[in-house]
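This report concerns only the one structure given below.
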Amino acid sequence: MKKALFLVLVFVMISGYNYAQDPHFSQFFASPLTLNPALTGKFDGTVRAAGNYRNQWPALNNVYTTFTASADLQIMKKHIPETDTWGIGILALKDQAGGDILTNTYLALSTSYHKSLDEDGFQQIGIGFQGTYGQKRLDQTKLYFEDMLTPFGFTGVTQEVFYTQNLNVNYLDINAGIMYSGSTTGDNNFYIGASMYHINRPKESFMGADWNIGTRTTIHAGGYFPVSDLITLHTSGIFQIQNQATETVIGAAAAAEIDPGSANPSNVYFGSWYRFGDALIPYIGLEFAGFRLGATYDINLSSLKTASQSRGGMELSLIYVLRPYEGGRGIPCPKF
């Protein structure tokens, strides 16, 4: 059915051009290199590794799943001022749609430099850049058409012929960001940042048309503030826009210390974020020995809640930060 094939290809291309968003996470704060290149190396430690998994709308047969893995570290510590930070990082991301029919794969390298504005390094302003190799692939062997339907299911052979054999698109991408991070006492932190992804707007079309990825602009902010000897409040929010799609998320989580006095304390986290017009996002987390494990479950509140059975998406994150046994300055850095 050529009409069916044409509609499939048109839907894929139009959704990628006019309405699509980049893969995104409810736990945006746990995926630093997809949020802002200026977050590269911006953490209290020497090496950070992070991983994320998201299953969007599981009631609709796992229509979207996203995986990331990243690592970043601080470099040249003996060759730059002690209160400055220079970081480099690498990110791998895979996004699968429609049961792996359409996949997006990214490999990115990033760097950022944060310059201290005071003698303690508590106030810093930084800039970051990221270069990305991207690939979009459409697997035609997983597409089913009406002429393949038999009494035993979709077991027939389609008569459709794809109009192009170029079902893999490869491109290079450029991203950048800036961020300010501050502290008043050394025990708190507050920050605000902005980033822009797809600055060069690379072409992304299976048919060779001049259809480009829309620039994604993001503003994000947050901080943490001790409210007692054992409780710390973490807050964060994000606003981003890409093509005709916008997203606004705000929320907070309380961290309760469970081993007071430890040099590397353990904490449990309870909180929630809210994505305006879409979902409530409860969050629980556990932090121990440099690891922070987080879990969220989107409760869909939008007009899609009937089809999705109010199940917006399940998400897991894991971050590990290696801290030096001694000699660390402990400069407050963003965590959420």
Inset, instruction - Search the range 122-150 for residues that are assigned to a loop (DSSP other than H, G, I, E, B) and pair each with any residue that is hydrophobic (A, V, I, L, M, F, W, C) and at pLDDT below 70 when their beta-carbon atoms are under 8 Å apart and the residues are at least 6 apart or on different chains. - result: L143/L5; L143/V8; Y144/F154; F145/M1; F145/A4; F145/L5
Inset, instruction - Starting from residues that are modelled with pLDDT of 90 or more and not small (G, A, S), keep the ones in the range 315-334 and report whichever is farthest from L73 (Cα to Cα). - result: E315
Inset, instruction - Would you confirm whether any residue within the range 150-170 is at pLDDT 80 or above and within 23 Å of K115 (Cα to Cα)? - result: no
Inset, instruction - Go through the residues of the range 205-222 one by one and say whether even a single one is in a strand (DSSP E or B), within 20 Å of L35 (Cβ to Cβ), of a type in the set (S, T, N, Q) and in contact (Cβ under 8 Å) with a residue 60 or more places away in the chain. - result: yes
Inset, instruction - Tell me which of these L109 doesn't satisfy, since it passes every other one: (1) assigned to a strand (DSSP E or B); (2) touching a residue at least 24 places away in the same chain (Cβ under 8 Å). - result: (2)
Legend entry - Count - residues of the range 223-244 that are over 29 Å from R201 (Cβ atoms), touching a strand residue (DSSP E or B) at 6+ places or on another chain (Cβ under 9 Å) and not in a strand (DSSP E or B): 3
Legend entry - Qualifying positions in the range 226-253 - exposed (fewer than 15 other Cβ atoms within 10 Å of the Cβ) and either within 14 Å of S195 (Cβ to Cβ) or not β-branched (V, I, T) (or both): P226, S228, D229, L230, Q244
Legend entry - Positions within the range 45-94 being closer than 22 Å to A295 by Cα, touching a residue at least 60 places away in the same chain (Cβ under 8 Å) and either in a loop (DSSP other than H, G, I, E, B) or basic (K, R) (or both), in sequence order: R48, R54, W57
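The values are calculated or read from the model by the stated rules, or taken from the named source; none is laboratory data. The model shown is predicted, which means the values in this text are computed figures rather than measured ones. No Cβ is skipped: glycine too gets one built from the backbone with ideal geometry, and neighbour counts run over all protein chains shown.
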